[in-house]
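Report on one structure; see the data block that follows.
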Amino acid sequence: MVVSFKRLACATALAGLAMTAAAAAADIKIGIVAPMTGQLASEGQDMENAVKMAIDAANAKGGINGDKITTTTADDACDPQQAVTAGSKLISEGVTAIVGGYCSGAVLPTLKIYGDAGVPFVIIGANSTKLVAANQGNAFLANSTGDMQATTAVELFKKNGYKKIAVIDEGDAYSSDLAKLTAEAFKNAGGEIAAKETTTAGEQDYSAVVTKVKSSGADAVFWTAYHAGGALLTKQLRQAGFQGGIVLGDGNNSPEYLEIAGSAGEGVFLLSPPTVDLLSGAADFKAKYKETYGRDAGAYAALSHDVGDLIVDAIARAKSADQKAIIEALKASDFKGLAGEIKFTDKNTLQTSNFRPVVAKGSKWVAAE
Amino acid sequence: MTLDLVIQQLVNGLIVGSFYALIALGYSMVFGVIKLLNFAHGDIYMSGAFVGLIVFSFVGVWVGNGWAGVVCALLVSMLAVGLLGVVIERFAYRPMRNAPRLSILITALGASMVLNGTALALTGGRHFAFSTDLGFAGLDVSAVHITYTQIVLVAASILLMAGMQAFVSRTMYGKAMRAVSIDMGASRLMGIDVDRVIALTFFMGSALAAGGGVMAGAYYGSVHFFMGFIMGLKAFTAAVIGGIGSVPGAMLGGLLLGLLEAYGSSLPFVGSEWRDVFVFGALILFLVFKPTGLLGRSVVERV
């Protein structure tokens, strides 16, 4: 009798397990892919936090059509190889949709994995034009692409009267693409490229490059890579007595840039993505972010939060967890978030550029006149 | 290349070279004494920079953000991180001393990851500003601007290295270090406390790396958990070029590597993206054609 009683208990337990599994399967699982380790871990942390904030808010309102939303995070470390592993992990976990991606170099090889699996993927930060070409139709770029930024950059150069530009990148997909596009656009507009240099990520000493730029006679430097290198480069340019203008790509929008560059950063121009400080309606979000996570919202926090809301909105409009329906719903997005409007072109890129030139004044980014 | 450019790149090369030399010294000393490539050395440099930044932000309130603060940070960090080196040796390397070479090499990689991972967990991957009041004032040599900070920096690292060289060649402890590096077993029979000598080697090597870390942090104005990675690789290259195991070799290798980088990337038709190709190309050439480096002794393998 004892034995059969045990069996009964086992059977009940198993049935219970099966029921919880069934309940879990009805949930919607969103994969977040971002650099959680490596050089850009702090941006990745911001992206994860902001997306989770949006998802938590949706769950607090009862989820999507009564289904709870869960998230799972995969670390791509901004490294192409690790990104492939992270992408495969998310696919094998059976996620409904994926959001994230900061470095274009790391996002590029994953597009095929997500495309083959037919998973809707909204890219938050990465914006190289190479991504547009490699997209299989399931990926959406929520950030303006590199060519939009190149146009904004050339407009700024002309307005400031720069004639000879030195372009410096870090050799990765994003920064070399932006450097190339800007150099071409500037040449077409009648400008001259005085020097085109590449540095090593993680390096502290830029003196050799600085010396070359200075001796090339450039009016201004355009740095297309990220803030860690940008701050060091700015400092070392000013230390070597470079008097010309300094313009930074959107990867430099971080409070850390201003902190590290210090007084050397004064008067530096930045092509800014829509950050919380530049957005009029983001004050509540900024305060809530700080309260929830104990740190300031970084450059892509607002956009990440919008993408979190966007995916919830798309799944709700698709009225099911069917991935094809979600992709169609994303295509038809007409979404207004903190960072502005999200409407996609037929290539799944943003219809309107979200870059704004800003200038560093008194350790703050203010809109450039 | 114009003369100005030659002088400017000389200054650039000497500065970055003196950082390489400081870190290479620790690599070289540890290798000399226990034949271990201490992969954690780059992370010790990074730890030094962080300890220095913490001390700097505390003492800065009293002594200001100028030289006094930097020197305080330098001394405290060298002491603390020197002890960290001793602790790492005691718990990670000493139990492995008689294990096969490969095992201890993997232990060193593990120690590197522990330090790197701890720093990432504690700092959240942020880049911290190391803001000093050192400023950009300096001398103008024709069209080349050399700041006082740069002069002090090169002088300080040369002083540290010369002190180290004097310690190794003139004192009893230095003699004991050299004896242990030649034959550990015989040294023990001669009454040398081998464990203490090895601990001392780790202390001094780590303290120098920490000194390099604080100086680099203050000079470049930024500190982050990943800063030791490339520095570790470059310092290793410098140690090999100079002759691993040799103290003057590490200094020479570091300075040469710095100059190679500076001049290599300003060659006509060669972009700065080729800089690391020169560095690691030199490493391969030395390993193939002169593995003992410029000043290293050839080691006779005793069977």
(request) For residues that are within 12 Å of chain A (Cβ to nearest Cβ) and in contact (Cβ under 8 Å) with a residue 40 or more places away in the chain, scanning just segment B:108-121, find the one that is farthest from the chain's Cα centre (by Cα). (result) B:120
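With respect to residue B:57, determine if the residue is within 14 Å of chain A (Cβ to nearest Cβ), surrounded by fewer than 24 Cβ atoms within 10 Å (Cβ to Cβ), hydroxyl-bearing (Ser, Thr, Tyr) and assigned to a helix (DSSP H, G or I).
Values: within 14 Å of chain A (Cβ to nearest Cβ): yes; surrounded by fewer than 24 Cβ atoms within 10 Å (Cβ to Cβ): yes; hydroxyl-bearing (Ser, Thr, Tyr): yes; assigned to a helix (DSSP H, G or I): yes.
When the stated conditions are applied, residue B:57 passes them.
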(request) Scan segment B:262-279 residue by residue and report those that are more than 8 Å from chain A (Cβ to nearest Cβ), of a type outside the set (Phe, Trp, Tyr) and either in contact with a Leu (Cβ under 7 Å, 6 or more places away or on another chain) or assigned to a loop (DSSP other than H, G, I, E, B) (or both). (result) B:267, B:268, B:270, B:279
(message) Looking only at residues that are buried (at least 24 other Cβ atoms within 10 Å of the Cβ) and out of contact with any Gly (no Cβ under 7 Å at 6 or more places or on another chain) in segment B:34-45, which one is farthest from residue B:178 (Cα to Cα)?
(response) B:40
(request) Could you list all residues from segment A:331-351 that are part of a loop (DSSP other than H, G, I, E, B), more than 30 Å from residue A:261 (Cα to Cα) and either more than 18 Å from the chain's Cα centre (by Cα) or touching a residue at least 24 places away in the same chain (Cβ under 8 Å) (or both)? (result) A:332, A:333, A:334, A:345, A:346, A:347, A:348, A:349
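Just the residues that are touching a strand residue (DSSP E or B) at 6+ places or on another chain (Cβ under 8 Å) and charged (D, E, K, R), please, taken from segment B:269-292.
Restricting attention to segment B:269-292, the residues satisfying the condition of being touching a strand residue (DSSP E or B) at 6+ places or on another chain (Cβ under 8 Å) are B:271-273.
The one that is touching a strand residue (DSSP E or B) at 6+ places or on another chain (Cβ under 8 Å) and charged (D, E, K, R): B:273.
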(message) Anything in segment A:40-83 that is assigned to a loop (DSSP other than H, G, I, E, B) and either under 11 Å from residue A:106 (Cβ atoms) or in contact with a Gly (Cβ under 6 Å, 6 or more places away or on another chain) (or both)? List them, or say none.
(response) A:40, A:76, A:77, A:78, A:79
(request) Filter segment A:295-324 down to residues that are outside any helix (DSSP H, G or I) and of a type in the set (A, V, I, L, M, F, W, C) and give me whichever is surrounded by the fewest Cβ atoms within 10 Å (Cβ to Cβ). (result) A:321
(request) Of all residues in segment A:235-263, count the ones that are more than 10 Å from chain B (Cβ to nearest Cβ) and part of a helix (DSSP H, G or I). (result) 4
(message) Quick test of your reading of the structure: residue A:160 fulfils all but one of (1) touching a strand residue (DSSP E or B) at 6+ places or on another chain (Cβ under 9 Å); (2) touching a residue at least 40 places away in the same chain (Cβ under 8 Å); (3) surrounded by 17 or more Cβ atoms within 10 Å (Cβ to Cβ); (4) away from chain B (no Cβ under 14 Å). Name the failing condition by number.
(response) (3)
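Please enumerate the residues belonging to segment A:167-215 that are touching a strand residue (DSSP E or B) at 6+ places or on another chain (Cβ under 8 Å) and away from chain B (no Cβ under 11 Å).
Within segment A:167-215, A:167, A:175, A:178, A:179, A:182, A:183, A:186, A:187, A:191, A:192, A:193, A:194 qualify.
For segment B:213-232, which residues satisfy the criterion of being within 13 Å of the chain's Cα centre (by Cα) and more than 10 Å from chain A (Cβ to nearest Cβ)? Steps first, answer last, please.
Keep residues of segment B:213-232 that are within 13 Å of the chain's Cα centre (by Cα), which gives B:213-216, B:227-232.
Correct list: B:213, B:214, B:215, B:232.
Which residues, counting only those in segment B:159-175, are part of a helix (DSSP H, G or I) and either in contact with a Ser or Thr (Cβ under 7 Å, 6 or more places away or on another chain) or among the polar types (S, T, N, Q) (or both)?
If we filter segment B:159-175 for residues that are part of a helix (DSSP H, G or I), which is where we start, we get B:159-170, B:172-175.
Passing the criteria: B:165, B:169.
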(request) Go through segment B:88-145 and give me each residue that's of a type outside the set (Gly, Ala, Ser), touching a His at 6+ places or on another chain (Cβ under 8 Å) and either loosely packed, with under 11 Cβ neighbours inside 10 Å or closer than 30 Å to residue A:44 by Cα (or both). (result) B:123, B:126, B:127, B:128
(message) Restricting to segment A:39-79, name every residue that is under 22 Å from residue A:118 (Cβ atoms) and of a type outside the set (A, V, I, L, M).
(response) A:65, A:67, A:70, A:71, A:72, A:73, A:76
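Readers should treat all values here as calculations from the given coordinates under stated rules, not as data from a laboratory. Treat the numbers as computed from the prediction; the structure is a model and nothing was measured. Every residue, glycine as well, gets a Cβ built from its backbone with ideal geometry; the counts of neighbours run over all protein chains shown.
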